[in-house]
Ligand SMILES: C[S@@+](CC[C@H](N)C(=O)[O-])C[C@H]1O[C@@H](n2cnc3c(N)ncnc32)[C@H](O)[C@@H]1O
C-alpha cells in the first residue's frame with residue numbers, strides 16, 4: 001500500500017494559487033490512507049480545479065497502475081461561472097499538473113459546465129469525489145448528486161465551503177442532498193470540507209477518526225481535537241482547534257510538549273470519548 005506523501009505535496013503546491021489548505025490536504029491524505037488500508041479501489045474526480053492546487057494532491061493519491069484522475073472546470077468558459085467561485089485557467093492548470101504526470105498518473109479533463117456532465121460520460125466506481133465548482137445551491141446540489149451516482153460502495157465525497165457565511169448556497173445544497181439521499185451521511189467536518197459517505201460504509205472511517213494514534217500520525221495531534229455533535233439525524237465529527245488551544249501561553253506550550261512525548265501517546269492510546277466536555281483551559285494538562 002502506498003499512501004500519499006502529504007508533506008511533500010504541501011511543499012510542492014505551496015506556490016500554486018488556489019483555495020486548498022495544508023490542513024485540508026492532511027484530511028484528504030487521511031481518507032486516502034483509510035481507503036488503501038481497507039482495499040477501497042476506484043478513480044478520483046474533482047469538480048472545480050482552478051489552477052490545480054487540490055488536483056495535484058488527488059493525482060498523487062491515485063495508484064498509478066490502476067487508478068486515474070478526472071477533473072471538470074469551466075476554465076475559459078467563465079461566463080458560466082455564475083457564483084463567481086474561482087476562475088480556472090487551463091494552461092496554468094496543465095503546467096501545475098506536471099508533477100502528476102511525473103508520477104505516471106493519467107488524468108482527463110472535462111472542460112465544461114459541470115451541470116452538463118452526466119454519469120454515463122464520466123463512468124462510475126469513484127472512490128474519492130471532490131466537489132469544489134459552482135457554489136450556488138443548484139450547482140452544488142447537482143454536483144453532489146452526480147458524485148453520489150458515480151461513487152463506489154465505500155467511496156467518499158468531499159464538499160468544499162460547507163458552512164461558510166460567504167457561501168450559504170453550499171450549506172443549502174448539503175442539507176437538500178442529505179434530505180433526499182438518506183443512504184448518505186456527513187462523516188466529519190473540518191479544514192473547510194465536509195466528507196460524506198454511505199451509512200453502510202461509514203464504520204471504516206469513523207473507527208479511525210476516533211483514534212489518538214491515527215490522529216497523531218496524520219498531523220492532527222495536539223492542538224487538534226475531534227468532538228461529535230448531532231447534525232441531520234446523525235452524529236457529525238468535528239475536527240477543530242479549540243480557541244483556548246490557539247492562545248500563546250506557557251500552559252499551551254507545556255501541553256504541546258507533553259502531547260509530543262511517547263509517554264503521553266501510550267497513555268492516550270485508544271478512542272476519543274464521543275462527547276468530551278470542553279476543558280476550561282485552567283488545568284495543567286487539558
Ligand atoms: C473555488 S475554485 C476551485 C479551487 C481549487 N479546488 C483549488 O484547489 O484551488 C472553483 C472552480 O470552479 C470552477 N467553476 C465554477 N463554476 C463551475 C461550473 N458550473 N462548472 C465547472 N466548473 C466551475 C471555476 O472556474 C474555478 O476554477
Any pair with Cβ under 6 angstrom, 6 or more apart, that starts in segment 110-121 at a residue that is away from the ligand (no atom under 13 Å from the Cβ) and ends at one that is assigned to a helix (DSSP H, G or I): 119/149; 119/150
Tell me whether segment 224-244 contains one or more residues that are surrounded by fewer than 21 Cβ atoms within 10 Å (Cβ to Cβ), in contact (Cβ under 8 Å) with a residue 60 or more places away in the chain and not in a helix (DSSP H, G or I). no
Give me the residue from segment 85-94 that is free of Cβ contacts under 8 Å to residues at least 40 places away in the same chain and more than 22 Å from residue 43 (Cα to Cα) and, out of that set, farthest from the ligand (Cβ to nearest atom). 91
Among the residues listed as 29, 76, the single one being within 16 Å of the ligand (Cβ to nearest atom), in contact with a helix residue (DSSP H, G or I) (Cβ under 8 Å, 6 or more places away or on another chain) and within 20 Å of residue 194 (Cα to Cα): 29
Cβ-Cβ under 9 Å, sequence separation 6+ or interchain: first residue in segment 167-184 and within 20 Å of residue 48 (Cβ to Cβ), partner in a loop (DSSP other than H, G, I, E, B) and modelled with pLDDT under 95. Which pairs? 167/83; 167/85; 169/83
Out of all the residues in segment 194-223, which are outside any helix (DSSP H, G or I), under 15 Å from residue 34 (Cβ atoms) and in contact with a helix residue (DSSP H, G or I) (Cβ under 6 Å, 6 or more places away or on another chain)? 218, 219
I'd like to verify a number: residues in segment 142-166 that are over 17 Å from residue 59 (Cα atoms), within 12 Å of the ligand (Cβ to nearest atom) and in contact with a helix residue (DSSP H, G or I) (Cβ under 8 Å, 6 or more places away or on another chain), how many? 7
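The values are calculated or read from the model by the stated rules, or taken from the named source; none is laboratory data. All of these numbers come straight from a predicted model, not from anything done at the bench. Cβ: placed from backbone, ideal geometry, glycine included. Neighbour counts: every protein chain shown.
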